[in-house]
1. Tally up the residues in region 147-175 that are farther than 23 Å from LEU84 by Cβ and not basic (Lys, Arg), please.
2. Answer with yes or no whether GLN121 is polar (S, T, N, Q), part of a helix (DSSP H, G or I) and either at pLDDT 80 or above or over 30 Å from SER49 (Cβ atoms) (or both).
3. Residue under question is ALA108, and the condition is that it be among the small types (Gly, Ala, Ser), at pLDDT 80 or above, under 25 Å from SER154 (Cβ atoms) and over 10 Å from the mean Cα position of the chain (by Cα); does it hold?
4. If you go through region 164-177 one residue at a time, do you hit one that is within 16 Å of the ligand (Cβ to nearest atom), among the aliphatic types (A, V, I, L, M), under 23 Å from the mean Cα position of the chain (by Cα) and at pLDDT below 85?
5. Tell me whether region 42-64 contains one or more residues that are more than 28 Å from VAL159 (Cβ to Cβ), over 16 Å from the mean Cα position of the chain (by Cα), part of a loop (DSSP other than H, G, I, E, B) and modelled with pLDDT under 80.
6. Among THR132, THR156, which is the only one that is β-branched (Val, Ile, Thr), over 24 Å from TYR74 (Cα atoms) and part of a helix (DSSP H, G or I)?
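The values are calculated or read from the model by the stated rules, or taken from the named source; none is laboratory data. Quick caveat, the model's predicted, so the values are computed rather than measured. Ideal geometry is used to build each Cβ from the backbone, glycine not excepted, and the neighbour counts take in all protein chains shown.
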Amino acid sequence: MRDLRPAGWVIRTYRDRPSLQPDQLYLEKIGRPVWEPEHRAAGLRQISSKTRRLVLERDGHACRRCGHAAGEAYADDPDARVRLTVGHVNPHKSGSAANAEDLITECARCNETVKHLTGVQMTKGQVWDRVTELPRRGKQELLHWMRADGRTMSQTERVWAMYRQLPAVTREELQADLDRLLES
Ligand SMILES: [Zn+2]
C-alpha cells in the first residue's frame, strides 16, 4: 500500500470510512500500474543518468549479483544476452532520490529475481545450508566476497567487462591484436 498510494491509488480504511471494519479496505481509485516495467523504470525514486554512469563504472560494468558483464551470454541460457540495469540495493525501501551507495549494477535477470522475492525472505538456516554445500574453495571465495561486501573481480574479469562494452568490430580487432601479441 505504501508503494501504491504515491502512484495515485486511493485505498480507504476504517479510519477514513466509519462504515468499514478494521480488517476491511475499500479501493476507491485505481492508480498507475506499478507492476509495468515502464513504471518501475520511471520509478518513484529517480536515478539521474550521472549517478547511473557512476554506479556502472564503480561496479566495472558487470552485474554485482551474478558477475556477468553486459552483452555476455548466460552460462545456463546461451541465447539470452546480459542487459545491465541499475537497481536499488534494497528494492523495498522507500525514499526520494537515490544515491550511488543505495544502488547496485545488476543484470535484468537478477533484477527480476530480486523483485520476485518481494516479501519472501530466506532464513539464515536456509542460506547456511547452501553455504555448507559449497566445496571448500567456494566457501573461501564466499567469505572473501562477504568481507569485501561484493563479488570481487579479478583483473582479467575487469578488462573483460570493459572489452564487452566495445562494439563488435573493435572487439574483433582487439582479439586479433592479442592473438598476435601472444604469438610473438
Ligand atoms: Zn546478474
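1. Residues that pass the stated criteria total 1.
2. In short, no.
3. no
4. No, there is no match, as no residue in region 164-177 is within 16 Å of the ligand (Cβ to nearest atom), among the aliphatic types (A, V, I, L, M), under 23 Å from the mean Cα position of the chain (by Cα) and at pLDDT below 85.
5. Yes.
6. Just one listed residue meets the conditions, THR132.
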